[in-house]
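*Asks:* Next up is a structure, given as structure tokens.
The numbers here are math on the coordinates, done by the rules we state, and not lab data. Just so it is clear, the structure is predicted and the values come from calculations on it, not from any experiment. Cβ placement follows ideal geometry from the backbone for every residue including glycine, while neighbour counts extend to all protein chains displayed.
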């Protein structure tokens, strides 16, 4: 009862927005601030816990990435020694991202890199180059822009550390689909440090280009074995990209949640100040009323 | 071994996954549990035609517990 009457006294506070129904507006203000404060506090709890979870996942993801990268490096050894003679005409783009959000600019960085590569004038690629997307977030971004180029999309990868089984499954489906290509360009996020990443590509040539390259022709390989090698090296490259992308995602999510928690904390401080000032003004007004009332007697 | 007929049926990756599964299932119990985690995949994929996504299907249907996503995008 006393609180309500004191809230009504906040009418004496100058309102920055002008003088229209003062009583009602300022009564709502203190209550409003309280509600906002409560909701921002809850949000801060959530973002802080998400940050903790992402940090623990990051440690594990980084370990997996370091061991998975070795597969990718060993893989690319072959292609360094057997460069293809003719530049690849038709490229298949495989975009590596994930299904979950709240991780900063991971998905848009990969989508933008893909769009840039397709629109590139220096190394022109076909305007209808097929694109395959791993991960729902990039899928929706690319489907808005280059939906005609999409050939296949994959999801349910990235919930946990990606396994080689995931990569082998993707490579299998790529091979079995009847998409024509000379080489495959895998677009993923490269892990630079715990606070930064950048989009990068791995290029994998297909079986025919491998057979034609001079370095390869120096040896007599059976066609079957060459095809096996091409398939396996695709799975390797996809695996390396998947684990590295996963590590980038965890680090980006940790940074994003960290920033969000900091911002929420700043908001809480500011709102608390505002709330206390309002409360103290109300108390002061009540005191003034009481005193003037008493002195009038 | 030169006339391996499996090449007509599936790709090398599938062949490798099948043999890996056989190896994992033959391990001692404690090692097997650890190794099984490395073979887990819940991959789903969908074909796209002309900018429209098709039905999303599981790569390994026996893992589908009926809580799959609905068709198209």
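*Asks:* Which Rg and Dmax, in Å, describe the Cα atoms of the range A:42-162?
*Replies:* So, for the range A:42-162, Rg and Dmax equal 17.6, 60 Å respectively.
*Asks:* Quote the Stokes-Einstein diffusion coefficient, in whole µm² s⁻¹, for the range A:167-296, based on the Kirkwood radius over alpha carbon pairs, a temperature of 4 °C and a viscosity of 1.567 mPa s.
*Replies:* Numbers: Rh = 20.4 Å.
My calculation gives 64 µm²/s for D.
*Asks:* Under the definition of partner shielding as Cβ atoms of other protein chains within 10 Å of a residue Cβ, what is the mean value for peptide B:46-52? Mind dumping the intermediate values first?
*Replies:* Numbers: counts 6, 6, 13, 3, 3, 6, 3.
For peptide B:46-52, the averaged partner shielding equals 6.
*Asks:* How compact is the range A:60-256 by the rule of thumb for globular proteins, expressed as Cα Rg over 2.2 N^0.38 Å? Don't skip to the answer; put the middle values down first.
*Replies:* Details: Rg = 16.3 Å, N = 197, 2.2 N^0.38 = 16.4 Å.
Output field value: 0.99.
*Asks:* Per the helix-only calculation at 222 nm, which mean residue ellipticity applies to chain A, given -39500 (n - 2.57) for every DSSP H run of n ≥ 4 and division by its residues, nearest 500 deg cm²/dmol? All intermediate terms of the calculation are to be shown ahead of the outcome.
*Replies:* Values: 8 runs with 188 residues, N = 297.
That calculation yields -22500 deg cm²/dmol at 222 nm.
*Asks:* Based on alpha-carbon centroids, what's the gap between the range A:243-257 and the range A:219-241 in Å, whole number please?
*Replies:* 30 Å
*Asks:* Sticking with this structure for a sec: Determine the shielding of peptide B:33-40 by partner chains: average, over its residues, the number of Cβ atoms on other chains within 10 angstrom of each Cβ. Walk me through the numbers on the way to the answer.
*Replies:* Values: counts 0, 0, 0, 0, 3, 4, 4, 4.
For this peptide, the per-residue mean of nearby foreign Cβ atoms is 2.
*Asks:* If you don't mind, there's one more thing I want to ask. Dividing the Cα convex hull volume of the protein assembly as shown by residue count, how many Å³ per residue is that? Please report the intermediate quantities before stating the final value.
*Replies:* Working: hull volume 80.9 nm³, N = 370.
Per-residue hull volume (Cα only) is 219 Å³.
*Asks:* Further question on the same structure: Quick one: if you stick a label point 7 Å off each Cα along the C-beta vector at residue A:67 and residue A:190, how many nm between them?
*Replies:* It works out to 2.5 nm between the two label points.
*Asks:* Still on this structure, please answer the following. May I ask you to sort A:203, B:31 by Cβ crowding, counting other Cβ atoms within 10 Å and putting the fewest first?
*Replies:* Starting with the residue having the fewest Cβ neighbours, the order is B:31, A:203.
*Asks:* What is the distance in Å between the Cα centres of the range A:262-276 and the range A:84-103?
*Replies:* 44 Å
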